[in-house]
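> My questions all concern the structure below.
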Amino acid sequence: MTKVQKAILDILRNSRQHLSASEVYWRVKQQVPTVALGTVYRNLNQFADSGQIRRVGRADAADFFEGNTSPHDHAVCIHCGQMTDIVIPGLRGFLKEQIKGQIISVNLTLNYICPQCAEKSKE
């Protein structure tokens, strides 16, 4: 494993945030100043394709990446864009019963207004 690959995995696995490729690049660049943006993109795609990290697509933005590969879904604030991991107990089992087929993947994103934005709108 290269220094860049190790840095990418460490950054994503130790972050509680969902990071864009650009954010990952700038964090890797602090550790490996000579890294190229294309190298980070290529490695992010390889890691996501192999299941070592998770790619989170959003309709209103570029893909985000995270180190949490356990089954979970996301809630995205429609005002500030903050993305939060959520776990809905029993969701996958329920869907499996409803579909009666093989589920390949589940990618649920709830759009909501986060508590901070809701509070600001009251002011």
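> Have a look at G51, G93, G81 and point out the one that is more than 25 Å from K120 (Cβ to Cβ), at pLDDT below 90 and among the small types (G, A, S).
After applying the criteria, what remains is G93.
> Among the numbered conditions (1) surrounded by fewer than 16 Cβ atoms within 10 Å (Cβ to Cβ); (2) in contact (Cβ under 8 Å) with a residue 40 or more places away in the chain; (3) under 18 Å from R16 (Cα atoms), tell me where S70 comes up short.
Exception for S70: condition (2).
> Are there any pairs with C-beta distances below 7 angstrom linking a residue in the range 111-123 that is in contact (Cβ under 8 Å) with a residue 40 or more places away in the chain to a residue that is not in a loop (DSSP other than H, G, I, E, B), with the two at least 6 apart or on different chains, and if so which?
That search, which allows pairs on different chains as well, returns C117/C77.
> For the range 55-73, name all the residues that are part of a strand (DSSP E or B) and farther than 23 Å from K29 by Cβ.
G57, R58, D73
> Step by step: first the residues of the range 74-108, then only those that are part of a loop (DSSP other than H, G, I, E, B) and in contact with a Lys or Arg (Cβ under 7 Å, 6 or more places away or on another chain), then the one that is surrounded by the fewest Cβ atoms within 10 Å (Cβ to Cβ). Which residue is that?
I103
> Between a residue in the range 85-97 that is free of Cβ contacts under 8 Å to residues at least 40 places away in the same chain and any residue that is basic (K, R), which pairs come within a Cβ distance under 9 Å, given they are 6 or more apart or on different chains?
D85/R16
> Tell me, which helices (runs of 4 or more DSSP H) wholly within the range 1-54 include 1 or more residues that are hydroxyl-bearing (S, T, Y) and surrounded by fewer than 19 Cβ atoms within 10 Å (Cβ to Cβ)? Full working, then the answer.
Details: elements: 3-14, 21-31, 37-50.
Passing ranges, in order: 21-31, 37-50.
The values are calculated or read from the model by the stated rules, or taken from the named source; none is laboratory data. The structure presented is a predicted model; accordingly, all values stated were derived computationally and were not measured. Counting neighbours? That spans all protein chains shown, and the Cβs are built from the backbone with ideal geometry, glycine included.
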